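Working notes, structure below.
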């Protein structure tokens, strides 16, 4: 299983040499230094940064060259990601609108929390134009592009990823391409993830309940009064375990959609979208420009993102924000970090998992700890009924500051004794308030755990601690 059938003599010699001392010492050159699967935001950023270091990079994508970057998503990204990563921010036709914050609506629409501040300012994108720019940057830096090509599985020898098997779209003939490192940014299809989890003992499972299934449309509509604020609507009867959204792209175009948790008996998101969302006054007489569905992992990232010769980036590693499913920012963070760590490993002529381990630690510190905390918040919100949400928002048991802190990965201090006013507001829902406090404590615990990411030999016990926190969050009673 997973074994390549046709190695060249040079590649065979290289693999035999690689196993000495359990390190893949690169004595003979292979087809490429790096193969990147998927030319989305994370894959393109990774490819660009590897090529910038002078490595020979092949970027593979299933889409045609002119459609790379097109994806069904909310098309919003925070400004801070570009500032922190030193990546040129969107400009010109890449930008559809400027974002100042988010309005969050209670199920009964009686309460609106306007959350704004540093970290929430950003852009709504013309996703295809932005994706094409990232791709062009990578190709311009010297990456080779193989478009309209599907990677079917990794090539593996002696527990090391040594390349990929792929075929042209619509064809059956398979091709094998070797490399020193493979970066899997293939999206939710996660071409190599099954192999990576099997190497790790398959202790980690991606549950259906950790996925959101979404339907989104781009629509031309009448004048939008305030296009600087994204709108998120919580309603467990319309979008159970998820939300529906209204993200303006300027004054007359909107990205609008609905996502639901893939728990047992989940409704069809497109049917609920057409029944409940299109009936809104703002969308009356609007016209559909395009629409699509998709899957998004909404949970903490995988416990380990690496194996021998392999790095996972983006949706394949469960990196989207667990609350709103935004994946552009975290995938760009991961793409740059993967290239930095992978380049050091290539330069030292050893790409075993221990040599790539810094990618785990650096990503968990940069974003993974925040995502793990938000995973606890997601589990809490998915337990809430509409009554809980209406009551909590109306009585400000959950406040703008709480949501802002959570979104930025800061510590929450929600104590029943925090303020007499907050306790008084929640006096008829003390169990809800206690659960809110417990949720905040578990968020802080799991963030601290991720910031203290372990060495390889300690991963198993660390993962047990993560599982214990997740189990407590899931057993929480409201």
Residue order, fewest to most beta carbons within 10 Å, for 111, 192, 152, 298: 152, 111, 192, 298
Spin-label model distance (nm) - residue 461 vs residue 167, 7 Å beyond Cα toward Cβ: 4.7 nm
Full-stretch length increase - residue 83, residue 400 - with 0.36 nm per residue and alpha-carbon distance subtracted: 111.7 nm
Cα long-axis angle, helix 9-18 against the chain (0 to 90 degrees, to the nearest 10): 70 degrees
On Cα atoms only, tilt of 459-474 relative to the major axis of the chain in degrees: 20 degrees
Separation of the residue 251 and residue 348 label points, Cα + 7 Å toward Cβ, nm: 5.6 nm
FRET efficiency, residue 198 to residue 64 (Cβ-Cβ, R0 45 Å, nearest 0.05): 0.85
CD proxy at 222 nm, helix term only [per DSSP H run n ≥ 4: -39500 (n - 2.57); per residue of the chain; nearest 500]: -10500 deg cm²/dmol
Options (i) 22.8, 75; (ii) 23.7, 73; (iii) 22.1, 71 - which one matches Rg and Dmax of the Cα atoms in Å as calculated here: (i)
Computed over the chain: relative contact order in percent, which uses C-alpha pairs under 8 Å that are six or more apart: 17 percent
Helix 41-52 axis, angle to the chain major axis (alpha carbon atoms, nearest 10°): 40 degrees
Efficiency of FRET from Cβ geometry, residue 223 and residue 472, R₀ 45 Å, rounded to 0.05: 0.40
At R0 = 45 Å, FRET efficiency that the Cβ-Cβ distance of residue 434 and residue 278 yields, to 0.05: 0.70
Proxy reagent accessibility, fewest Cβ within 10 Å first, across 116, 171: 171, 116
Compactness of region 237-319 - radius of gyration and Dmax, Cα, Å: 16.7, 55
Ranked 82, 246, criterion: other C-beta atoms within 10 Å, fewest first: 82, 246
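Where a number appears in this text, it was derived from the coordinates with a stated rule and is not lab data. Quick caveat: nothing in here was measured; it's all calculated off a predicted structure. Positions of Cβ are generated from backbone atoms using ideal geometry, with glycine treated the same way; all protein chains shown enter the neighbour counts.
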